[in-house]
Every structure is written in structure tokens, then in C-alpha cells.
Amino acid sequence: MNFKSVSIGAVSAAALFIMGGVAQAEPAKPGMYVSFGGGMNWVDDSEDSGVTVEFKDGYTLQGAIGYDSGDFTDMGKFRVEGEISYTENDNDKISGGGLSFDVGGQVEQTAVMANAYWDFIPGGTLRPYVGFGIGMADVEVEASAGGFTASGSETEAAYRGMLGLTYHMNQNWALDVGYRYTVVAFDNDLENSSLLASLRYKF
């Protein structure tokens, strides 16, 4: 399913809706933070030499430690962080040559990423953000059908784009809800679309 366009549109519409009248709090202060969260993950169909592999809906978990610059311009603030995440999606079907059959197994992705964000609306309680990340991902694949099982693993480069909304409960606690599009350079690329909710605590 083409989930990316739906997710991007939904998050963008929400951001535009709130930008006109966001409740204002005091400007954000700088500091280190930790975050953890999870959500749903969708992997786009993978095609190679006329064979297509489809995947079921999966999940993703993440944890990060980073630095928040605090509001220092009228445009907002930046955040930088190191993140580790784990994502898993079960295999669904393999099709090719006019044939299609179910396949067992799963694809697991463990990624270490460096992420950077820009948070808009200085002092806002609700703040839209955009972000970009680069890093490495270890991909483990297992497939089983007809009593046979095959597996393999590779460590490849990864990159992502992000956008979402942050609700600042106070100067320390914040709740993020966002969309991520992550690509791992594995064979013909693994393209992931994720909806993620995470809790962030700033020291």
C-alpha cells in the first residue's frame, strides 16, 4: 500500500491547522534530553528480476539521547540526537511469473541513526517540526516456504526524512507524534513508512 502520501498529507494538514493559533508558553530552554517511543511500520513491496515480495504491517521501537538548543531565533530551535531503533515486519507474499504464494519469515532492521530536527513556533505548546537522519542499519531477513527456510543479513547505509508535531506538557516533558520515511540501501532498498509516538524528557 502507498502509505507515505497519506501519512505526509495528514501530518502536514494538522501542522497547518494549528500554526495560526497555538497556545504560547515560555520559550524553550537548552538542555540534554532522552526519548523513547514506538509505533506502526509499513515496508513497501520489494521488486527484483520480476519477483515481488510483499510485507505485512509491523512495528518499530526507538530510544534516543540528544541536545535541544532552546529557542534562540524567531524561527524556533534545533535538536540533534543519536538514536537506536528496532523494526520488524513479517513477510506476506511472493509473486512472479503469474504465480503468487504465501511466505513465512520476517525482515528485522536494527538501526543506529544521527537525527537533526528543526522545531517551529518559538514558545508554542504545540510545535510542528521537520527532520533528517543518516546512519547504518543491520537488516536480517528470513523466508520460509514449502518446508524450506533461507536467511541472510547485511549492514547498510540508511537515511530518513521526518515531520510531526510536539506537545510540550511543560519545560521538561514533551509528547511527539510524527511520520518517518526511512530507506535502507539493502538490495533494491527497503523503504519504510512509520507512524511513531514518543515521550521526551529534557533535563
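Some points to look at:
- Given (1) surrounded by 14 or more Cβ atoms within 10 Å (Cβ to Cβ); (2) under 25 Å from SER198 (Cα atoms); (3) of a type outside the set (Asp, Glu), number of the condition ASN91 does not satisfy: (2)
- Subset of region 42-66 [within 22 Å of the chain's Cα centre (by Cα) and among the aliphatic types (A, V, I, L, M)]: VAL43, VAL53, LEU61, ALA64, ILE65
- Cβ pairs under 6 Å, 6+ apart, first in region 33-51 and farther than 15 Å from TYR181 by Cβ, second part of a strand (DSSP E or B) and among the charged types (D, E, K, R): TYR33/ASP68; TYR33/ARG200; TYR33/LYS202; SER35/ARG200; ASP45/GLU54
- Members of region 113-169 found to be of a type outside the set (A, V, I, L, M, F, W, C) and in contact (Cβ under 8 Å) with a residue 60 or more places away in the chain, listed by number: ASP119, PRO122, GLY123, GLY124, THR125, ARG127, PRO128, GLY164, HIS168
- Remark: THR73 falls outside the filter, which requires a residue to be under 25 Å from ASN192 (Cβ atoms), in contact (Cβ under 8 Å) with a residue 12 or more places away in the chain and not aromatic (Phe, Trp, Tyr).
- Residue count for region 166-183, restricted to those that are closer than 14 Å to LEU199 by Cβ and either out of contact with any Asp or Glu (no Cβ under 7 Å at 6 or more places or on another chain) or of a type in the set (A, V, I, L, M, F, W, C) (or both): 11.
- Selection status of SER69, more than 22 Å from GLU191 (Cβ to Cβ) and over 16 Å from the mean Cα position of the chain (by Cα): yes
- Yes/no for GLU88 being farther than 19 Å from GLY133 by Cα, part of a strand (DSSP E or B) and at pLDDT below 95: no
- Within region 9-58, considering residues that are out of contact with any Ser or Thr (no Cβ under 7 Å at 6 or more places or on another chain), part of a strand (DSSP E or B) and of a type in the set (Phe, Trp, Tyr), the one modelled with the highest pLDDT: TYR33
The values are calculated or read from the model by the stated rules, or taken from the named source; none is laboratory data. Worth saying up front: this structure is predicted, and the values here are computed from it rather than measured. Cβ atoms come from the backbone with ideal geometry, glycine included; neighbour counts cover every protein chain shown.
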